[in-house]
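All remarks here apply to the structure that follows.
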Amino acid sequence: MADINVVSLAGKKVGSFELDEIFAGEVNEALLWEAVKHYRASLRQGTHATKNRKLVSGAGKKLWKQKGTGRARVGSIRTPLWRGGGTVHGPQPRSYEYQFPKKKLLGALRSAIASKINDGKLVIVENFELSEAKTKAFRSALNTLEAKKTALVVESSQQLSEKLYLSSRNLDGVELVLSSEVHPYDLLRYEHAIFSKAAFETLQETLKKNTSKHKHNEKEAA
């Protein structure tokens, strides 16, 4: 697999990073769709509710006697057959979350990163060391890295600084996440992905272990 340049926040090349062969594979669009669907499902509040026959206001008294009136028989004003009555089998509050296999999630993450690399939208910086916590200065640095629109900034938990957090939190279209928390949806949502070298190394090692275990299991099954 080819190398990718490592640059400083000033946009100058300071080294190179060897990409693992796991990013050379094809982008699995179907797996990406599954990962995005799972993520968006977990965001749903699920607070929708309709009133059934028990919850609708109104007396439960029988409106008229069963026979002899010439009218259709009815037992309650809250019947679902009448306007203003209860709703039958209507939506009720529930959670839309469901289990998603970790191997599939990591596979989707690999595809998302590979897609960003192929499109030339992934940048690796040596570090995010800032002299001061200034939003304007960080915005200028992102512009230098050609991330003028939306950008996902990924840092490792060990290297995360308060200056980086304060500098990025108020920027429109910019989100800061940890390498252990980055999701395929985040990479697809933002146009550019900017990783620190430490963050990308950690993430690549995680994906590499998952891929090697998957291949080992396939060999045992064969």
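The values are calculated or read from the model by the stated rules, or taken from the named source; none is laboratory data. The model shown is predicted, which means the values in this text are computed figures rather than measured ones. Every residue, glycine as well, gets a Cβ built from its backbone with ideal geometry; the counts of neighbours run over all protein chains shown.
Residue check: is LYS136 surrounded by fewer than 18 Cβ atoms within 10 Å (Cβ to Cβ), in a loop (DSSP other than H, G, I, E, B) and either assigned by TED's automatic domain parsing to the domain that holds LEU187 or free of Cβ contacts under 8 Å to residues at least 24 places away in the same chain (or both)?
no
Taking the range 62-101 as the region of interest, how many residues are closer than 30 Å to TYR39 by Cβ and free of Cβ contacts under 8 Å to residues at least 40 places away in the same chain?
3
Just one of GLY86, GLY120, GLY70 is within 30 Å of GLY11 (Cβ to Cβ) and part of a loop (DSSP other than H, G, I, E, B); which is it?
After ruling out the rest, the residue left standing is GLY120.
Pull out all pairs, ordered by first then second residue, where Cβ-Cβ is under 7 Å, the residues are six or more apart or on different chains, the first lies in the range 38-51 and is farther than 11 Å from SER95 by Cβ, and the second is surrounded by 13 or more Cβ atoms within 10 Å (Cβ to Cβ).
Here the result reads HIS38/PHE100; TYR39/HIS183; TYR39/TYR185; THR50/THR87; LYS51/GLY86; LYS51/THR87, each pair linking the range 38-51 to a residue that is surrounded by 13 or more Cβ atoms within 10 Å (Cβ to Cβ).
Give the range 186-196 a look and list any residue that's surrounded by fewer than 18 Cβ atoms within 10 Å (Cβ to Cβ) and either part of a helix (DSSP H, G or I) or of a type in the set (Phe, Trp, Tyr) (or both), or say none.
Result: ASP186, ARG189.
Is there a residue in the range 49-59 that is exposed (fewer than 14 other Cβ atoms within 10 Å of the Cβ), out of contact with any Gly (no Cβ under 7 Å at 6 or more places or on another chain), among the polar types (S, T, N, Q) and part of a loop (DSSP other than H, G, I, E, B)?
Yes, the range 49-59 contains at least one residue that is exposed (fewer than 14 other Cβ atoms within 10 Å of the Cβ), out of contact with any Gly (no Cβ under 7 Å at 6 or more places or on another chain), among the polar types (S, T, N, Q) and part of a loop (DSSP other than H, G, I, E, B).
Cβ-Cβ distance below 8 Å, separation of 6 or more or different chains: which pairs start in the range 149-174 with a residue that is within 21 Å of LEU187 (Cβ to Cβ) and end on one that is buried (at least 17 other Cβ atoms within 10 Å of the Cβ) and among the acidic types (Asp, Glu)?
Here the result reads LEU152/ASP186; LEU164/GLU155, each pair linking the range 149-174 to a residue that is buried (at least 17 other Cβ atoms within 10 Å of the Cβ) and among the acidic types (Asp, Glu).
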